[in-house]
Amino acid sequence: MTEIPEVLPSPKSRKPVARTGHGPIMSSKHTRQRRYHPPPEGWGLWWPVAAGLALALVAPLLRDFAAGYDPWGMRAIFPLALLCGLPETGFSDELKRTLPQAMIFAQFPLEGLLTKLTLSRGVSVSRAVKQLLFIHTVCMLVLWMVTTVAHQAK
C-alpha cells in the first residue's frame, strides 16, 4: 500500500508531461497569424458600403424580378423587408406599411456597413460573405416558420 504525502507539490514544481492522447490540437501561433488578414485602410475599407448603395439604386428592379419567383424569391433577396411587415412584430399598421418599403432600399447599405465592420476586424472577404449568407438563411428560416405556423392556425 502506498502512502499519501502530507503536502502535495505545487503545480509550478511539477515537471511538464508530454501529451500522449489523440484528438484535435490547437494550431500553432504561426498558422493562426497566417489566417489573419490585415484590415484594409482608408477608402478601401468603404467599398462594401458603396456596393450596398449601388444595389439600393437597383432595388426596385430586384424586387420586381424576385416577385416573379414568389414566395422564395422575395424571401431570399429581401428577408429583412418581409420580416418588418409581419404582424407578429407588433408594429403599428402604419409602420407595417411603410417600414418594408423603406427596408427594400435600406437593406443593402446596412449589409454593406455590416460587411465593412466585419472586414475592419481583419476577417477575409469570403468569411464576411458567408456571414451575410448566414443572416439571410436565418431570416428565411424565421419567415418560413412564421408563415407555416400562421398557415396551420387558419
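The values are calculated or read from the model by the stated rules, or taken from the named source; none is laboratory data. Since the model is a prediction, treat every value here as computed from it, not as a measurement. Note that we place each Cβ from the backbone using ideal geometry, even for glycine, and neighbour counts take in every protein chain shown.
Filtering region 108-154 to residues that are of a type in the set (Val, Ile, Thr) and either surrounded by fewer than 16 Cβ atoms within 10 Å (Cβ to Cβ) or part of a helix (DSSP H, G or I) (or both) leaves THR115, THR118, VAL125, VAL129, ILE135, THR137, VAL138, VAL142, VAL146, THR147, THR148, VAL149. Which of the numbered conditions does PHE91 fail, given that it passes all the others? Conditions: (1) in a helix (DSSP H, G or I); (2) of a type outside the set (Val, Ile, Thr); (3) under 23 Å from THR148 (Cα atoms). Going through (1) in a helix (DSSP H, G or I); (2) of a type outside the set (Val, Ile, Thr); (3) under 23 Å from THR148 (Cα atoms) one by one, PHE91 breaks only (1).
What residue, among those in region 67-84 that are closer than 15 Å to MET140 by Cα, of a type outside the set (Phe, Trp, Tyr) and surrounded by fewer than 18 Cβ atoms within 10 Å (Cβ to Cβ), is modelled with the lowest pLDDT?
Applying the first criterion (closer than 15 Å to MET140 by Cα) to region 67-84 yields 69-84.
Those still in the list that are of a type outside the set (Phe, Trp, Tyr) too: 70-71, 73-77, 79-84.
So of that shortlist, the ones also surrounded by fewer than 18 Cβ atoms within 10 Å (Cβ to Cβ) come out as 70-71, 73, 76.
Details: ASP70: 82, PRO71: 79, GLY73: 89, ALA76: 89.
Among those that are closer than 15 Å to MET140 by Cα, of a type outside the set (Phe, Trp, Tyr) and surrounded by fewer than 18 Cβ atoms within 10 Å (Cβ to Cβ), it is PRO71.
Taken over region 121-136, the residue count meeting the criterion of being more than 10 Å from the chain's Cα centre (by Cα) and either at pLDDT 85 or above or farther than 15 Å from GLY44 by Cα (or both) is 2. Name the pairs whose Cβ atoms lie under 7 Å apart, with the first residue in region 69-80 and within 20 Å of LEU110 (Cβ to Cβ), the second among the β-branched types (Val, Ile, Thr), and 6 or more positions between them or separate chains? Between residues of region 69-80 that are within 20 Å of LEU110 (Cβ to Cβ) and residues that are among the β-branched types (Val, Ile, Thr), the close pairs are PHE78/ILE104.
Residues that are within 25 Å of the chain's Cα centre (by Cα) and of a type outside the set (Val, Ile, Thr) were ranked within region 85-99; the one that is surrounded by the fewest Cβ atoms within 10 Å (Cβ to Cβ) is GLY90.
Of ASP64, ASP70, all but one fail to be of a type in the set (D, E, K, R) and either touching a Lys or Arg at 6+ places or on another chain (Cβ under 8 Å) or assigned to a loop (DSSP other than H, G, I, E, B) (or both); the exception is ASP70. Remark: THR98 falls outside the filter, which requires a residue to be part of a helix (DSSP H, G or I), out of contact with any His (no Cβ under 8 Å at 6 or more places or on another chain), more than 30 Å from GLY42 (Cβ to Cβ) and modelled with pLDDT under 90.
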